[in-house]
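> Before anything else, here's the structure in question.
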Amino acid sequence: MKKYKILWIGVITLLLSGSFSCQKQLNVLNPNSPTPAVTASEPGIIDLALGSVYTGGFNGVNLSPLNALGDSYFFAAECYHELLADNISSQNANQNYNVINLPDYVILDDGTKLVNQSPHKTNVRINNTRDKRSSNALYYEWAYMYALNNGMNNVLSLAPGVSFGGDAPSRLKTIQAWAYFWKGFAYSRIGSLYYSGLINNTGNATTNTYVLHDAIIAESNRLLNLSATTLASISSTTDYTTVLTQLIPAFLQTGNGGVPSVTAFTHNINTLLARNILANKAQSAMTTSDWTAVLNLVNAGITSTDPVFIAKTNGTSPFISLTGGSTAATTAGSNSSSNFKISERLIQEYYTGDQRLAENFSSQTYLNSVGGLLSSTRWKLVSGGNAIKAPTGANALSYVLADNTTVGNYQLTIAGSYEENELMKAEALVETGQTDVGLASVDNVRKFQGAGLAPVSGTGLTQAQALEQIRRERRVALIFRGTAFYDARRLGIIYDITKGGGRTGAVVLSSSGVLSTNATINYDFFDYWDVPADEAVINPPGSGSAPILNPN
């Protein structure tokens, strides 16, 4: 890319010494242009490797001139996943939130057909121009993830020249494994959302050869596996722990976060590798070989006791803010003031008696006549929960959904989680004929999250019934974790009804307050996004490039 020119137009200058609770933990210069004198030392390269993730990657796009309603990657990019999966809606026109998730049409119980006058595909392409960056949904995830990738490129190029203390090879390998992991994560997000992208593994380099999303996912897999093999070659776990403890901010080492052992870090990698398979292939196209590959990975994936990578606020750092740093935080609270509203289609996924519904939601009707179609709701996400069940241990209910009233109480999962791993295991088992064993994994997730539901394993469910349990459980257990749109795509829901897509039996509240419980929704969304104009215009495709527009 043209030295990542467009990606860094709005990047925050990373001069943040003293702004985190531990002053040494983000004392870095701009990771897009690191100063050799600063990064030549072990503390300098650690600061760069930490800051390139938590500031340059997840907080490295300046949203202030874009009229954004929140801050950080976990709001500005991930909210689109929740919108397009029909977990939330919005009445706000900022960033195109109130329109981008509207289906082509909805048929209510009385036969009334509500037609969208601004279809998703038309709307997305109209806004994919450089002069509409604020309303161009395609811009955000691309900008954040290529910023993260470029920061890790610089870390990898500089780290070998650093004189490390202790067992120097182990400390260097820890830095390298960290960088490979986050590059693999970035390519996973890019390849799982965009029709094509760029593979660039040299800091501040230039490339205009676009490749299809499958090639981006292959590169993600290569880097994640490289991270795993690098971890396996570390000889001193003491030096590994010394470095990794400094790479993760102290306030993110609490709750479900922490400093993973080499084994636990590898488990996190395997869960992402399994996600790469599952997220990027239609469920109907998955083969026995695919399911076996997923099962092998999740069997060595994140366990219930493994630390995972989390985001949260400590009340003083600029990493993510208390009320605007995540999609959950901007959804929680009164429907009259929150930026996003809870979808009726999400609430209908909860089974009767699920304590996660009772704890995290309450009734509050909101009728939206501006956006119409799917924007009205009878529910709100309660900030801090309803105190029905006190959070205990690692699986506190604040880990399940949102708490934006108490500093540090809401834990946002950045990458994989135990619940995601266990539900991928459940699906792979059911798809390979081990239905009851798979349902036991569903039960494990519900127990972990305090759902209070009776076990479904051992109840004689068919394969189809078991898969429906898994579909619904993924919707509620993984809310706000960046996987919902992938599920809607691989299950075919986002496609046009004439192509087997859409949803029936949907709960819809009309803008006049009429409730339908058997509505039909035809979403007809893009499955993979075009390359954003901010990249394509400045960095047009070179010879041999893949198409940058989704032909579907």
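> Six or more apart or on different chains, Cβ atoms under 6 Å: show the pairs whose first residue is in the stretch 266-294 and without any contact (Cβ under 8 Å) to a residue 40 or more places away in the chain and farther than 17 Å from TYR486 by Cα and whose second is small (Gly, Ala, Ser) and part of a helix (DSSP H, G or I).
THR266/ALA228
> Under 20 Å from TYR139 (Cα atoms) and either in contact with a strand residue (DSSP E or B) (Cβ under 8 Å, 6 or more places away or on another chain) or of a type outside the set (Val, Ile, Thr) (or both) - does that describe any residue in the stretch 514-525?
yes
> Could I ask something else about it? Among (1) hydrophobic (A, V, I, L, M, F, W, C); (2) within 22 Å of PHE185 (Cα to Cα); (3) at pLDDT 95 or above, there is one condition ALA328 misses while meeting the rest; what is its number?
So the condition that ALA328 fails would be (3).
> Which count do you get for residues in the stretch 53-68 that are more than 15 Å from TYR139 (Cβ to Cβ) and touching a Phe, Trp or Tyr at 6+ places or on another chain (Cβ under 8 Å)?
6
> Hey, can you tell me all the residues within the stretch 477-499 that are within 17 Å of MET286 (Cα to Cα) and either at pLDDT below 95 or part of a loop (DSSP other than H, G, I, E, B) (or both)?
LEU491, GLY492, ILE493
> Turning to a different aspect of this structure: Name the residues in the stretch 295-350 that are in contact (Cβ under 8 Å) with a residue 40 or more places away in the chain, among the small types (Gly, Ala, Ser), surrounded by fewer than 22 Cβ atoms within 10 Å (Cβ to Cβ) and over 28 Å from ASP71 (Cβ atoms), would you?
Answer for the stretch 295-350, where residues must be in contact (Cβ under 8 Å) with a residue 40 or more places away in the chain, among the small types (Gly, Ala, Ser), surrounded by fewer than 22 Cβ atoms within 10 Å (Cβ to Cβ) and over 28 Å from ASP71 (Cβ atoms): just SER304.
> For the stretch 500-521, enumerate the residues that are in a loop (DSSP other than H, G, I, E, B) and in contact (Cβ under 8 Å) with a residue 12 or more places away in the chain.
Result: GLY501, GLY502, SER510, SER511, SER512, GLY513, VAL514.
> Follow-up. Among the numbered criteria (1) touching a Ser or Thr at 6+ places or on another chain (Cβ under 7 Å); (2) modelled with pLDDT under 95, which one does VAL211 miss?
Only one criterion in (1) touching a Ser or Thr at 6+ places or on another chain (Cβ under 7 Å); (2) modelled with pLDDT under 95 is unmet by VAL211, namely (2).
> Among the aliphatic types (A, V, I, L, M), over 29 Å from GLY501 (Cα atoms) and either touching a Lys or Arg at 6+ places or on another chain (Cβ under 8 Å) or buried (at least 20 other Cβ atoms within 10 Å of the Cβ) (or both), is that true of VAL155?
The answer is yes for VAL155.
> Out of ASP524, ASP534, report the one residue that is of a type in the set (D, E, K, R), buried (at least 19 other Cβ atoms within 10 Å of the Cβ) and in a loop (DSSP other than H, G, I, E, B).
That would be ASP524, the only listed residue that is of a type in the set (D, E, K, R), buried (at least 19 other Cβ atoms within 10 Å of the Cβ) and in a loop (DSSP other than H, G, I, E, B).
> Additional query: Mind telling me which of the residues ALA329, ALA300 ends up being of a type outside the set (D, E, K, R), out of contact with any Lys or Arg (no Cβ under 9 Å at 6 or more places or on another chain) and within 30 Å of GLY56 (Cβ to Cβ)?
The conditions single out ALA329.
This table checks each residue for (1) surrounded by fewer than 22 Cβ atoms within 10 Å (Cβ to Cβ); (2) under 23 Å from the mean Cα position of the chain (by Cα); (3) in a helix (DSSP H, G or I); (4) of a type in the set (A, V, I, L, M, F, W, C).
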{"residue": "ASP214", "(1), (2), (3), (4)": "yes, yes, yes, no"}
{"residue": "ASN221", "(1), (2), (3), (4)": "yes, yes, yes, no"}
{"residue": "LEU226", "(1), (2), (3), (4)": "yes, yes, yes, yes"}
{"residue": "LEU231", "(1), (2), (3), (4)": "no, no, yes, yes"}
{"residue": "SER235", "(1), (2), (3), (4)": "yes, no, no, no"}
{"residue": "THR254", "(1), (2), (3), (4)": "yes, yes, no, no"}
{"residue": "GLY258", "(1), (2), (3), (4)": "yes, yes, no, no"}
{"residue": "ALA264", "(1), (2), (3), (4)": "yes, yes, yes, yes"}
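> Another one. Output the residue which, of all residues in the stretch 88-116 that are in a strand (DSSP E or B) and free of Cβ contacts under 8 Å to residues at least 12 places away in the same chain, is farthest from SER337 (Cα to Cα).
LYS113
> Here is a list of conditions, (1) closer than 20 Å to ILE100 by Cβ; (2) modelled with pLDDT of 95 or more; (3) in contact with a Lys or Arg (Cβ under 9 Å, 6 or more places away or on another chain), and GLU42 meets all of them except one; can you say which number that is?
(1)
The values are calculated or read from the model by the stated rules, or taken from the named source; none is laboratory data. These figures come from a predicted structure and were not determined experimentally. Positions of Cβ are backbone-derived with ideal geometry, glycine not excepted, and every protein chain shown enters the neighbour counts.
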